[in-house]
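Asks: Got a structure here, written out as structure tokens. Questions coming.
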Amino acid sequence: MADEAIRDVTDDRKRGWHLLGAGAMGCLWAARLKRGGTDVCLLLRNSQALHAYQQCSHVLLQTIEGETLRCPLPAETTASSGRIDRLLLTTKAIDAESALATVEHRLHDNSRIVLLHNGIEVQQEITRRLGGHRVFCLSTSHGAWLRAAFDVCHAGVGASWLGCLQEGQEGMARQLVDELDSAGLDLQYDPDIRLRLWQKLAINCAINGLTVLHDCRNGELLATPERRQQLQELCREIESLYAGIPEAPALTALYERVRGVLQATAENVSSSLQDARRGRPGEWPVLNGPLIRLATRYGLPCPENRALADMLESRPSSHFHGFRHGD
Ligand SMILES: NC(=O)c1ccc[n+]([C@@H]2O[C@H](COP(=O)([O-])OP(=O)(O)OC[C@H]3O[C@@H](n4cnc5c(N)ncnc54)[C@H](OP(=O)(O)O)[C@@H]3O)[C@@H](O)[C@H]2O)c1
């Protein structure tokens, strides 16, 4: 960092968002909101994490253009007592429920919770539990990774969509889009966020596990005929699972879409592989795992997904043991 020019971001309009999950996506959104004039407070898991943050008390954002911005942000622990009106939850899907539980005492009837996770199961569960009028989902194709704690690199430009799994919430969803728009992450209202989450889930299910299995960058999944065939078979199976799972939308040309994503992100290391390399469980279990469970529930064969799960589970340092059980 020593020889990088760092510019301070000091705009201070009040709006009152709390952000829980100050990892790559969380720091990206927090820094961009701050830069756009929206007030954001980081919620950290305990006093140790807060103390570590207070050594600098800012998030560093490396922009797409290569500029580094210093974004001073207030922070507190989840156990603090102030009420939370707007919560942006950006933990991994696998951690969402436990993280949310640590701040539920601070939520009230008019609190609005925006969930930014891949997958769909946890969003459905939290929406069901807290009430559809309070919970909204955000899906993004922007990419970010952490260079160090609270030091995020905006690695890929995309777009973002916000909507609600419960019908009739368009007004509030649009209001939240307006409130979060200052992040400049091309956020739009999506009248069918459910469809978008299912579609993204299919793509993640096709890519993430295979990149862990082959320990390779995205583009390398297309590098050999064997890998292309494995990917094609997995895509075919995911399509037929979607056709047989009543709550899933119809899906066509998944392989072609996945191939497009892999070509566009050829140099990227998938989040699941990044997690595996860091010895973390990652999200693979909440992507293909629910799909396998739904297949079991509806009596649908899914040998490709099962074989992939078995191969990942049998890796010596696997964190995936037993994720398919316990439906
Ligand atoms: N990164 C991307 O490019 C990208 C793109 C699209 C979608 N997404 C989705 O966005 C979500 C977040 O991904 P990410 O890459 O930002 O993950 P990440 O870098 O692992 O960040 C998650 C953060 O949540 C924190 N956290 C977990 N449990 C917590 C708790 N109980 N209290 C406080 N903090 C807690 C983690 O803290 P610790 O490190 O201390 O555990 C970590 O800082 C995922 O669902 C991912 O699929 C990511």
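Asks: Once the principal axes of the Cα atoms of region 6-191 are found, what is the range along each, listed largest first in whole angstroms?
Replies: 44, 34, 30
Asks: For the chain, taking Cα atoms only, what is the radius of gyration to one decimal and the Dmax to the nearest whole Å?
Replies: Taking only Cα atoms of the chain, I get Rg and Dmax of 19.7, 59 Å.
Asks: Tell me which of Leu221, Leu19, Gly168 sits at the most positive position along the dipole axis of the chain, charges placed on C-beta atoms (Lys, Arg +1; Asp, Glu -1).
Replies: It is Leu19.
Asks: Output needed: percent of Cα pairs per 5 Å distance bin for region 196-313, bins running from 0 to the one holding the longest distance.
Replies: 2, 12, 24, 26, 20, 11, 4, 0
Asks: Computed FRET efficiency, Cβ-Cβ of Ser57 and Ala264, R0 51 Å: what is it to the nearest 0.05?
Replies: Given R0 = 51 Å and the Cβ-Cβ separation, E is 0.90.
Asks: Further question: Ranked from highest to lowest mean number of other Cβ atoms within 10 Å per residue, what is the order of the peptides 107-120, 140-153? Walk me through the numbers on the way to the answer.
Replies: Numbers: 107-120: 20.1, 140-153: 18.4.
Top to bottom by mean Cβ count within 10 Å: 107-120, 140-153.
Asks: Out of the DSSP beta bridges found with both residues in the chain, what percent are antiparallel (nearest 5)?
Replies: Taking every DSSP beta bridge with both residues in the chain, the antiparallel ones total about 35 percent.
Asks: Just to be sure I understand the rule: take each whole DSSP H helix in the chain, project its Cα atoms onto its long axis, keep it if the span is 24 Å or more and its mean Kyte-Doolittle hydropathy is at least -0.5. Which ones pass?
Replies: 193-214
Asks: Could you work out the Kirkwood radius for region 31-112, taking every pair of different alpha carbons, averaging 1/r and inverting it, reported in Å?
Replies: The Cα-based Kirkwood calculation yields 14.0 Å.
Asks: Name the long-range amide H neighbours of Cys164: under 5 Å, sequence gap of 5 or more, or other chain; modelled H, no Pro or chain starts.
Replies: Hits under the 5 Å cutoff: Cys137, Ile193.
Asks: Determine, for each peptide in 209-222, 192-205, the mean count of other beta carbons within 10 angstrom over its residues, then list the peptides with the highest first.
Replies: Values: 209-222: 19.1, 192-205: 20.6.
Going by the mean number of other Cβ atoms within 10 Å, highest first, we get 192-205, 209-222.
Asks: What residues have an amide H closer than 5 Å to that of Leu187, excluding those fewer than 5 places away on the same chain, when H is modeled at 1.01 Å from N in the peptide plane?
Replies: Residues meeting the amide H criterion: Ser160.
Asks: Can you compute the FRET efficiency between Tyr189 and Glu233 using 1/(1 + (r/R0)^6), with r the Cβ-Cβ distance and R0 = 35 Å? Round to the nearest 0.05. All intermediate terms of the calculation are to be shown ahead of the outcome.
Replies: On the way: r = 37 Å, r/R0 = 1.04.
Once rounded, the FRET efficiency stands at 0.45.
Asks: Would you kindly state how much longer the chain becomes between Asp151 and Arg129 on full extension, computed as 0.36 nm times their sequence separation minus their alpha carbon distance, in nm to one decimal?
Replies: Taking 0.36 nm per residue and subtracting the Cα distance, the gain is 4.6 nm.
Asks: For Thr252 and Glu65 in one chain, what is 0.36 nm times their gap in residues minus the Cα-Cα distance, to one decimal in nm? It would help to have the intermediate numbers written out before the result.
Replies: Working: separation 187, 0.36 × 187 = 67.32 nm, distance 3.58 nm.
Extra length available between Thr252 and Glu65 comes to 63.7 nm.
Asks: Can you give me the distance in nm between label points at Glu226 and Thr296, each placed 7 Å from the Cα along the Cα-to-Cβ direction?
Replies: 3.0 nm
None of the figures in this text is laboratory data; all of them are computed from the coordinates on show. This is a predicted model, so every value here is computed, not measured. Virtual Cβ from ideal backbone geometry, glycine too; neighbours counted across all protein chains shown.
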